[in-house]
Every structure is written in C-alpha cells, then in structure tokens.
Amino acid sequence: MTSTWAVTRPVPWSGAETLPELPRADTRWDDLERLRSSHPMVDAVIDAVNGRRIRIGDHWLSDFASCNYLGFDLHPEIMASVEPAVRRWGTHPSWSRLLGNPRPYVEIEERLTELLGAPDSLVLPTITLIHTSVIPVLVGQGAVLVDAQAHKTIYEGAAIAKGAGATLHRVRANDPEHLEDILRSLPPNVSKVFCIDGVNSMTGNAPDLPVYARICREYDALLYVDDAHGFGIIGESPTERMPYGRRGNSIVRFYDESYDNVVLVAGFSKSYSSLAAFLALPTSLKNYLKVAAPPYLYSGPSPTASLATILAGFDVNDAEGDIIRWSLCQKTHRVLSQIKKLGLRTLNTSGYPVIELPLGHADDIDAVGKFLFDRGIYVTLAPYPLVPRAQVGFRVQVTAANDDSQIEQLNDVLAELSERFEMQRAEQPG
Ligand SMILES: Cc1ncc(COP(=O)(O)O)c(C=O)c1O
C-alpha cells in the first residue's frame with residue numbers, strides 16, 4: 001500500500017531515486033500534509049516583499065501572517081545598522097559563546113536586563129533551543145508541569161526532561177486550581193517547574209500571571225513563561241487608554257510582578273525581527289546554564305546582522321516604540337471591531353494583535369484559505385492537529401507596518417467571507 005509518507009526526494013548519497021517508505025506513526029498529520037502539498041498558503045515560496053505586501057508567483061497579497069509586529073524588519077534605521085556591524089565583525093561570529101563572546105552580546109544583555117527590570121539575562125540563538133536545553137536542566141529528576149495550551153516547543157523540552165527521568169504533568173488551560181492540585185500532590189523535596197505561554201500564539205490572550213506566580217511561590221515551584229508574542233508588544237504601566245502598556249518589556253512587567261521564582265523566556269525573532277532569544281533569570285542560574293545547558297557551549301551564535309538589528313531595535317524602541325505600539329493597538333482594534341460587528345467568534349479577548357477566527361466546519365479550511373488567497377489576504381491557516389478540531393480556522397496577525405488600506409481590505413474580505421462561509425458566531429454579536 002502506498003503511504004502518503006513515502007519520501008520521494010532524491011537521496012544523493014545512495015544514488016537511489018526514493019527512500020523506502022517510512023513507517024506511518026499516526027494519521028494526525030494528514031490534514032496538514034494535504035494542505036502543505038496542495039494549498040497556496042501553506043509552505044508557500046515568497047518571491048518578493050514590498051512593505052507588508054508579499055508576492056507569491058505573480059500574485060500580490062497583504063501579509064497578515066508575519067510576526068514582525070513592530071515593523072522593525074522594514075525600519076530604515078534598523079536596516080542601516082547591518083552594514084557597519086558586518087564591516088566591523090564580519091558576517092558571523094563563529095565561536096560558540098563560551099569560547100568567544102563578541103562585545104555586542106554583552107551590550108544586548110546589559111540593555112535587555114535594564115529594559116526587563118530583571119536580575120540578569122542570557123541570550124541564546126532560539127527559543128526552541130532554550131526550551132529543549134534549559135527545561136531538562138531546570139527540572140532534573142523532578143516534575144515538569146505544562147499548561148495544556150503551551151507552545152509545542154515547550155512540550156518538546158518537557159518530553160526531553162521526561163526522557164531524562166522527570167515526571168510530566170499536563171495542567172488544564174486557564175485553571176490555576178488544577179495547577180495547585182498537582183503541585184500539592186507532589187513530594188515537597190523534588191524540583192518543580194510549571195511552563196506556560198505568556199501572550200498565547202493562538203488565542204492572543206495572556207494568562208493571569210500573578211495568580212500562577214503566587215501558587216508557584218507557595219509550592220516552591222519555578223514559573224517558566226514563554227512570552228514570544230508578548231515581548232515588544234505588552235509592557236509596564238498599562239492603562240485604559242494604552243492597554244498594551246509601555247516599553248514592550250513583556251508580561252512580568254505588564255503585571256508589575258517580581259522575577260522571584262520566575263524565569264521569563266522570549267525572543268527577538270518576532271517583534272525585533274532578529275534571530276536570537278533570551279532568558280531573564282538570576283545571575284547564578286545564568287552562569288550555571290552557561291556550562292550545564294548545551295547551546296552556550298555547543299551551538300553556533302546568532303549572525304552579526306541580528307546582533308546589530310537587536311541593538312538598533314532597542315534604540316528605536318526607546319525613541320518611538322510607544323508610538324508604534326499605539327498605532328498597532330489602533331489597527332488591531334479596527335480589525336477586532338469589524339469581527340465584533342460581523343458577529344464572528346474569535347478566541348482573542350485581549351486586544352493584542354494575534355487574532356484566531358475558528359470556522360463553523362473544520363473541513364472548509366482549504367476553501368476558506370483559497371478564498372482569502374484569491375482576495376489577496378495572506379494569513380496563517382490553523383488546521384488540526386495544530387489546534388483542536390473545534391478551533392480549526394485561521395490566524396490574522398496585525399503589524400504596525402500594515403497600512404490603513406490593508407486593514408480596510410482585510411475588513412472587507414472578512415465581511416465577504418462571513419457571508420460565503422459558515423464561521424463560528426460570537427455568543428452576543430455586537
Ligand atoms: C510561543 C512560541 N514559543 C516558541 C517559538 C519558537 O521560537 P524560535 O523560533 O525562537 O525557536 C514560537 C514560534 O513561533 C512561539 O510562538
């Protein structure tokens with residue numbers, strides 16, 4: 001029987017045309033694989049970029065799928081920072097950081113620590129690398145507790161910790177009492193780490209961090225938060241007028257929480273449009289991770305261009321970040337208002353720029369995606385198993401670089417879409 005998993009790419013080392021069929025582990029990935037191989041909006045090759053417009057073949061689309069929330073990828077000052085840095089440092093600092101630690105890293109960590117108001121910070125290449133290397137070190141032979149809606153890469157880290165002898169516990173989403181029940185049932189003398197997303201990559205909402213932090217402190221557990229989507233967007237001193245807060249210094253400052261028993265993880269690859277990630281943590285833990293977690297010693301570093309754009313990004317954030325966030329907040333508000341007016345359901349209750357719209361029928365995903373593509377709107381499709389079947393739909397990400405005409409275009413297309421397709425409805429249409 002021919003499996004859809006048969007790999008037909010050439011195998012240069014053997015001269016054979018195909019690899020033997022791979023065993024088919026399960027059928028969960030079939031929907032995604034079908035979309036990948038057939039849909040214009042999945043695994044697409046982007047041929048050109050013009051502002052927040054992208055070209056696929058000869059088709060120009062408004063891009064609502066990038067994570068460049070602040071538009072730093074297109075900011076002239078940030079773009080101009082690359083060439084002088086490359087002239088000074090070469091294209092790539094190819095030491096692992098333990099062997100040679102270029103000065104820009106030190107500057108980034110100093111500025112980041114100040115921005116976050118954290119005890120210290122440690123920059124490593126990606127969040128995925130951080131989760132898979134640091135979670136097992138933090139947990140040891142103890143217990144790793146993972147929020148049910150946590151990002152897949154957290155689960156990867158937790159699975160590695162489990163393989164190394166830890167116990168793995170799934171905590172129901174938005175249910176701090178369930179966390180407390182599990183923590184209470186664990187022996188007092190084992191290490192406990194609870195992992196959760198900050199601003200969630202699918203719902204666009206943030207957890208009630210103060211409640212989770214209080215419970216973790218009470219049971220001497222570490223709260224490990226991945227705020228990939230919140231860093232750069234939310235920050236200290238939120239008000240009714242500016243609900244995102246100021247400075248974009250992430251979820252701990254947003255809630256005016258302390259870093260006691262909290263490790264914050266986030267990255268520069270979304271709001272700061274640069275390849276690097278970081279932990280905010282005590283200096284003693286930073287020094288321990290430098291030797292005990294693999295990436296500081298064994299992984300290649302981030303490229304010079306990214307180190308330069310992070311530093312330039314800090315300058316732009318200081319000078320105009322709050323104005324950019326204000327504009328982002330307004331644009332997001334316009335989209336959410338239209339969704340409310342149309343009576344559509346979205347998981348987003350926060351007003352942050354990650355907006356998932358679930359379909360009435362999961363099987364419509366191909367047709368809905370093609371409809372959006374044909375109307376010039378590029379989004380992230382969310383098929384099963386990336387989301388539960390009841391949440392199959394698509395995700396819109398608004399960025400500060402989407403212009404007003406694109407927001408209008410998106411709103412018009414959403415109106416047309418809601419007439420053509422059955423979408424999930426809000427309980428109380430606006
Ligand atoms: C919540 C969350 N964590 C981690 C990652 C992975 O980040 P990185 O690309 O830095 O590995 C993503 C990427 O989309 C994410 O959304």
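A count restricted to segment 183-209 and to residues that are in contact with a Lys or Arg (Cβ under 9 Å, 6 or more places away or on another chain) and either of a type in the set (Phe, Trp, Tyr) or open to solvent by less than 30 Å² (accessible area, probe 1.4 Å) (or both) stands at 4. You will find that of His131, His151, the residue that is over 14 Å from Phe278 (Cα atoms) and modelled with pLDDT of 95 or more is His151 and no other. Within segment 258-290, the set of residues being more than 15 Å from Ser133 (Cα to Cα), outside any loop (DSSP other than H, G, I, E, B) and not aliphatic (A, V, I, L, M) comprises Gly267, Thr283, Ser284.
Across segment 110-133, the number of residues qualifying as in a helix (DSSP H, G or I) and touching a residue at least 24 places away in the same chain (Cβ under 8 Å) comes to 12.
Whether any residue in segment 95-112 is within 16 Å of the ligand (Cβ to nearest atom) and aliphatic (A, V, I, L, M) is what I want to check. So far as segment 95-112 goes, yes, one or more of its residues are within 16 Å of the ligand (Cβ to nearest atom) and aliphatic (A, V, I, L, M).
Could you tell me which numbered condition Val354 fails, if it satisfies all but one of (1) buried (at least 22 other Cβ atoms within 10 Å of the Cβ); (2) free of Cβ contacts under 8 Å to residues at least 12 places away in the same chain? So the condition that Val354 fails would be (2). Across segment 270-294, the qualifying residues are those that are within 16 Å of the ligand (Cβ to nearest atom) and within 22 Å of Leu209 (Cβ to Cβ), and the one among them that is most open to solvent (accessible area, probe 1.4 Å) is Lys270.
Scanning segment 139-157 for residues that are under 20 Å from Asn261 (Cβ atoms), within 13 Å of the ligand (Cβ to nearest atom) and in a helix (DSSP H, G or I) yields Ile154, Gly157.
Condition check ((1) part of a helix (DSSP H, G or I); (2) surrounded by fewer than 21 Cβ atoms within 10 Å (Cβ to Cβ); (3) free of Cβ contacts under 8 Å to residues at least 60 places away in the same chain; (4) β-branched (Val, Ile, Thr)) across all residues:
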residue	(1), (2), (3), (4)
Tyr296	yes, no, no, no
Ser302	no, no, no, no
Leu311	yes, yes, no, no
Trp326	yes, yes, no, no
Arg334	yes, yes, no, no
Lys340	yes, yes, no, no
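Candidates are the residues of segment 239-266 that are open to solvent by less than 20 Å² (accessible area, probe 1.4 Å) and without any contact (Cβ under 8 Å) to a residue 60 or more places away in the chain; the one that is farthest from Pro207 (Cα to Cα) is Gly245.
The values are calculated or read from the model by the stated rules, or taken from the named source; none is laboratory data. Source: prediction; values computed, not measured. Glycine also receives a Cβ, built like all others from the backbone with ideal geometry; neighbour counts cover every protein chain displayed. Surface accessibility is based on the protein's heavy atoms, side chains included, excluding ligands, DNA and RNA. Shrake-Rupley method; radii C 1.70, N 1.55, O 1.52, S 1.80 Å.
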